[in-house]
Amino acid sequence: MIISDFDEIGKVITTAEAFKTFKAFETDCLRLGKRKLPEHLLIKTQKHSFVIAFLQVSGSNFTSRLKNFNQLVVNHKDIRFGLFRDVRETTISGKVGKEEIEKLNNASNLQIDCRYSKPRF
């Protein structure tokens, strides 16, 4: 089974739209200039904001998108972030990729730990 970030965020968007009939909130996407980011959705209520993101790519694409995502996390301290990656994806073995994962895992506004349930990084 091929899992794509676009398919996953599409499911979240569809679910969020259905919930809008029960709860008042807005959805949007964050931007970082023209830089590539993981597919994500910003959910804003009156009190809280939360980003749900998916990052299934590997190699240099993973590292560059995670670096950019980390910049969003740093720039938006008032927003909680969650990044999801399928456990069946390849292990990130590059030095820079591992450093970016560590930065994200140490962010104070990370809601969901980027690590797998069993260590794979």
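Quick look at the numbers
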| item | result |
| --- | --- |
| Separation of alpha-carbon centers, the stretch 69-113 and the stretch 51-66, rounded to whole Å | 9 |
| Angle between the chain longest axis and helix 59-75 axis [Cα atoms, degrees, rounded to 10] | 50 |
| Candidate lysines for bridging to K23, where Cα separation is under 21 Å - those fewer than 8 sequence places away on the same chain excluded | K11, K44, K47 |
| Sorted by Cβ density within 10 Å, fewest first, the residues I9, I52 | I9, I52 |
| Angle between the chain longest axis and helix 5-19 axis [Cα atoms, degrees, rounded to 10] | 20 |
| Förster radius 35 Å - calculated FRET efficiency between L32 and K98, Cβ distance, rounded to 0.05 | 0.95 |
| Residue among K77, K36, K23 with the largest mean-square fluctuation in a Gaussian network model of the chain, springs linking Cα atoms under 10 Å | K23 |
| Cα long-axis angle, helix 95-105 against the chain (0 to 90 degrees, to the nearest 10) | 30 |
| Efficiency of FRET from Cβ geometry, N109 and F19, R₀ 22 Å, rounded to 0.05 | 0.45 |
| Order of T21, T45 - criterion: other Cβ atoms within 10 Å of each residue's Cβ, fewest first | T21, T45 |
| Neighbourhood charge, 14 Å Cβ-Cβ cut-off, centred on V12 and excluding it, Lys, Arg +1 and Asp, Glu -1 | -4 |
| DSSP bridge pairs, the chain: antiparallel proportion in percent, nearest 5 | 55 |
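Readers should treat all values here as calculations from the given coordinates under stated rules, not as data from a laboratory. It should be emphasised that the depicted structure is a prediction, and the values quoted were computed from it without experimental measurement. Counting neighbours? That spans all protein chains shown, and the Cβs are built from the backbone with ideal geometry, glycine included.
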